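Here the structure is laid out as structure tokens; the discussion comes afterwards.
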Amino acid sequence: MNFMSDKTNFYFQIIGSFSVVVLLTYLHFMQVPSMDLINLNQVDKLAHVLMFFLTMMWFMYVTPKPHQLLVGVSLILFGLVLEYIQMNFLPDRTFEWLDWIADGIGVVLSFFIVPVLTDKFFDSSV
């Protein structure tokens, strides 16, 4: 039983995608609180990987398979743009190549992990 019409599903995908990109942008620019107990550099890189992994996971859900690679490359380039904005327009923030690499790793990991999770936990015959 399909509880959403195609038009409702389309709007859900558009609003959801916009919300995911806005949340990603907010989290990317968010000032991290300082904690002396842990090394924030490694936590920051892990956060970048996780943010971009989850974002690409969403886009793999709403994007037809032939276009997913284009979306992945666009998302990696979006990470580069966010780093550039951070460097030029936000005080006390810098451009970090390792952050951008972590963004890319998150996107690439989603291409390997999401299909495995989908096959393992969801019946693809439905």
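Normalised by the residues of the stretch 72-126, what does the relative contact order come to in percent, with Cα pairs under 8 Å and at least six apart? Please report the intermediate quantities before stating the final value.
Details: 25 pairs, mean separation 17.6, N = 55.
The normalised contact order for the stretch 72-126 reaches 32 percent.
With an 8 Å cut-off on Cα pairs and a minimum separation of 6 or more residues, tell me the relative contact order of the stretch 6-121 in percent.
On the way: 80 pairs, mean separation 37.6, N = 116.
Taking the mean separation of contacting Cα pairs over the length of the stretch 6-121, I get 32 percent.
With 22 Å as the cut-off, how large is the P(r) tail for the stretch 6-121, expressed as percent of Cα-Cα pairs?
Numbers: 2494 of 6670 pairs.
Beyond 22 Å sits 37 percent of the P(r) for the stretch 6-121.
Say each of LEU80 and PHE111 gets a label point 7 Å from the Cα, pointing the same way as Cα to Cβ; how far apart are those two points in nm?
Using points 7 Å along Cα→Cβ, the separation is 1.5 nm.
Throughout, read-outs are computed from the coordinates displayed, never taken from laboratory work. Everything numeric here is computed off the predicted structure, so don't read it as measured data. With ideal geometry, Cβ positions are generated from the backbone for all residues, glycine too; neighbour counts draw on all protein chains shown.
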